[in-house]
């Protein structure tokens, strides 16, 4: 596995693939634990885990920032247009209520 940090943003799918390969490496190391390269394998596994942990932390931080930014934008929009926001929320609630009640009738 490449030890340099990727410059392109990681997607959750990429991170999941990396974690799966890390598990495969751990399983191989457990099978070969009686081998002579155990210390090297443990160090490589630790490095891979550390890299995956960093990427996951970066992905989590980026997602959290986007959610907070979206919530702030929504809050500002609602405060700027309270009556329109109430009307839209009531309309969406009415539509969802109609959809759910029709599914329950069947």
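Okay, here's what the table says:
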item: Where residue 82 falls short, out of the listed (1) within 21 Å of the chain's Cα centre (by Cα); (2) modelled with pLDDT of 90 or more; result: (1)
item: The listed residue being surrounded by 10 or more Cβ atoms within 10 Å (Cβ to Cβ), in contact with a helix residue (DSSP H, G or I) (Cβ under 9 Å, 6 or more places away or on another chain), at pLDDT below 85 and at negative phi, out of 43, 18; result: 18
item: Odd one out for residue 56, checked against (1) out of contact with any helix residue (DSSP H, G or I) (no Cβ under 7 Å at 6 or more places or on another chain); (2) modelled with pLDDT of 80 or more; (3) under 21 Å from residue 16 (Cα atoms); (4) surrounded by 11 or more Cβ atoms within 10 Å (Cβ to Cβ); result: (1)
item: Selection status of residue 32, surrounded by 12 or more Cβ atoms within 10 Å (Cβ to Cβ) and at pLDDT 75 or above; result: no
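The values are calculated or read from the model by the stated rules, or taken from the named source; none is laboratory data. Bear in mind the structure is a predicted one, so any value in this text is a computation, not a measurement. All Cβ positions, glycine included, derive from the backbone under ideal geometry; neighbour counts span all protein chains shown.
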